[in-house]
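Take this structure, written in structure tokens, and hold onto it; I'll ask about it next.
The values are calculated or read from the model by the stated rules, or taken from the named source; none is laboratory data. From a predicted model like this one, the values you see are computed outputs, not experimental measurements. With ideal geometry, Cβ positions are generated from the backbone for all residues, glycine too; neighbour counts draw on all protein chains shown. Please note that ligands, DNA and RNA were not included when accessible areas were found on the heavy atoms of the full protein model with its side chains. Shrake-Rupley method; radii C 1.70, N 1.55, O 1.52, S 1.80 Å.
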Amino acid sequence: MTDFLEKWSSKKADKPRAGAKTVIDTFRARIAEQKAYLEEYERDVDGFSKWRSTWFQRVPGGFGVTVGRDAVNAGKGLSYVVVETLKDVAEFLDDLAHHAQSDTGFQQALENNRQRRAALLNAGKAGASAAASKAAKPAATKAVATKTVATKAAPAKAAAVTADGEAKPKRGRKAKAETTTN
């Protein structure tokens, strides 16, 4: 056992944390994923079924290519192009990867988009935890609340009085019709 510890303790390292990739690395990985989809489409045009995951779609005149699934543009509002061939789609993805690596403005747009998505995710989680805490109330609390509502309902049965002193007809449920049995 001590041999094991001596051998491997010098190589000890910290575990990589989840989410430790930069937004540029993440974006480049997504571009690589799109290129894999493009290659899969080239191999089997008729059998390709992953259109919902792709940044490229068949459109009249060629292929429409988006910058990404997110609200990100590549500068000056450029977020969608139409190209004629699959080679042009691959070239656009390559240029986009280079642009993401070298353009600080685009990198800042990617970071802003990441922060916006994280805020939405955290707000969704906070809303879900609040709903879960409401659902976890004990039944005794609900019984007390029901009694309180029942006692408050009794004074509501009295007719409301307007400013003129006239009795205002109340709006409530209609009385149930009595059923007779023969």
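Going by accessible area, probe 1.4 Å, with all protein chains left in place, what is the ranking of Glu84, Glu42, largest first?
Working: Glu84 140, Glu42 100 Å².
The most accessible residue leads, giving Glu84, Glu42.
Can you give the FRET efficiency to the nearest 0.05 for Asp44 and Thr66, using r as the Cβ-Cβ distance and R₀ = 25 Å?
After rounding to 0.05, the efficiency reads 0.65.
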